[in-house]
Amino acid sequence: MRARVGQRIPVVVQSRGRRRSGARVLFVCAETVVTCGVLVLLLVVHQLWWTNLEARAEALDQVRALEQEWAVPLPEQTLGDPTVGAPTPGADPADEDSVADGRPDGPSAGASAGSGGRPAPPGTSRSDAFAVLRIPRLGLTVPVAHGVSKRSVLDKGYVGHYSGTGDAGRVGNFALAGHRNTHGEPFRYINRLEEGDEISVRTRARTYVYRVDQILRQTAPRDVGVIRPVPRSLVKPSYGYDAPGAYLTLTTCTPEFSSTYRLVVWAKLVR
C-alpha cells in the first residue's frame with residue numbers, strides 16, 4: 001500500500017545524548033563504590049596490621065629501654081626503695097577513657113578498686129612504663145604502664161595497670177588490662193592460659209612470679225569485683241577469692257573483635 005501524498009511517516013530517533021548521560025552516571029557510581037571499597041580495605045589493613053606492627057615495635061623498644069635502665073645501679077639513697085617504679089593511686093578520668101568510650105579492655109576502673117598503689121617516682125608521667133610482664137606459654141613480653149588510657153597506654157601496645165589497685169609482689173590485687181585485638185594486641189591469646197601456667201612481673205627491684213589459678217571466661221564490662229583487693233566476680237560470685245593474698249589479674253575484651261564481655265585471668269604469687 002502506498003502512502004498518501006503529503007502524509008507524514010513517523011520516524012523514531014534514538015537520543016545518543018541520553019545514552020551517554022546514563023552511562024556516565026553508572027560509571028561515576030561504580031567508581032565511587034570501588035573507591036569506598038578501597039578506603040574501607042585500607043582502614044581494615046591499618047587497624048589489623050599496621051597498628052599491631054607499630055605498637056609492637058614501640059613496646060619492644062620500651063622493654064629494652066627499661067632493662068637497660070635497670071642495669072644501671074640507682075643512687076645509694078634509693079637502692080632497695082620499694083616505691084621506685086610503683087604505680088600511682090587514685091582515679092584520673094584521663095586514664096579511664098578506655099572504659100568511658102564504650103570499648104573498655106577491662107572492668108570499670110573508675111569504681112573503687114581498693115588501695116595499695118604508691119606515688120610514681122618524681123619526673124615520671126602516669127603512662128610511663130615501670131615493669132615488664134612475661135607469659136612464657138604465649139611467648140609474650142610487654143611493658144606495663146600506669147593507668148589504662150587507650151591513647152597513652154593501651155594503644156601503644158602496653159599493658160595498663162588499673163589506678164588504685166595493688167603493687168606487684170605485694171598483698172593485694174595487681175590488676176592489668178590489655179588490648180585483645182589491634183594496637184599490639186598483647187592479650188590476644190590469654191584465653192589459652194591454663195591453671196598452673198606461670199606469669200612473671202619484673203620491676204627495678206626484682207622479678208615476681210605468679211601462677212594462674214582461676215579463669216573467668218566471660219563477665220560483664222562493669223564487673224568491678226574482679227579487680228578489688230580480694231577479687232571476686234559480682235556477676236558470677238562462684239569465681240574469685242574470700243581471703244587476702246597477693247593476686248595478679250589480667251583483663252581483656254571477649255569475644256575477639258568485640259567489647260561485649262570481659263575475659264579475666266587470676267594468678268597467685270608463688271615467689
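Structure notes:
- Overall form of segment 133-271 per C-alpha gyration tensor (a/c, 1.5; a/b vs b/c): rounded
- For segment 190-230, a/c is not less than 1.5, where a ≥ b ≥ c are the root eigenvalues of the C-alpha gyration tensor, and a/b does not top b/c. That puts it in the oblate class.
- Here the 3J(HN,Hα) profile of segment 135-150, calculated from phi with Karplus coefficients 6.51, -1.76 and 1.60 at θ = phi - 60°, is 10, x, 4, 9, x, 9, 9, 8, x, 10, 10, 6, x, 10, 5, 5 Hz, Gly and Pro shown as x.
- Cα point-scatterer Debye curve for segment 158-223, base-10 log of I(q)/I(0) at q = 0.15, 0.22, 0.29 Å⁻¹: -0.58, -1.29, -1.46
- Here, P(r) means the percent of Cα pairs in each 5 Å bin from 0 to the largest distance; for segment 177-258 it is 3, 13, 22, 24, 22, 12, 4, 1.
- Computed from the C-beta positions of THR260 and ARG192 and an R0 of 22 Å, the FRET efficiency is 0.65 to the nearest 0.05.
- In this structure, the amide hydrogen of TYR210, modeled 1.01 Å from its nitrogen in the peptide plane, lies closer than 5 angstrom to those of ILE199, SER200, VAL201, VAL270, counting only residues at least 5 positions away or on a different chain.
Coordinate-derived values only; no laboratory data. The shown structure was predicted, so the numbers you read here are calculated from the model rather than taken from an experiment. With ideal geometry, Cβ positions are generated from the backbone for all residues, glycine too; neighbour counts draw on all protein chains shown.
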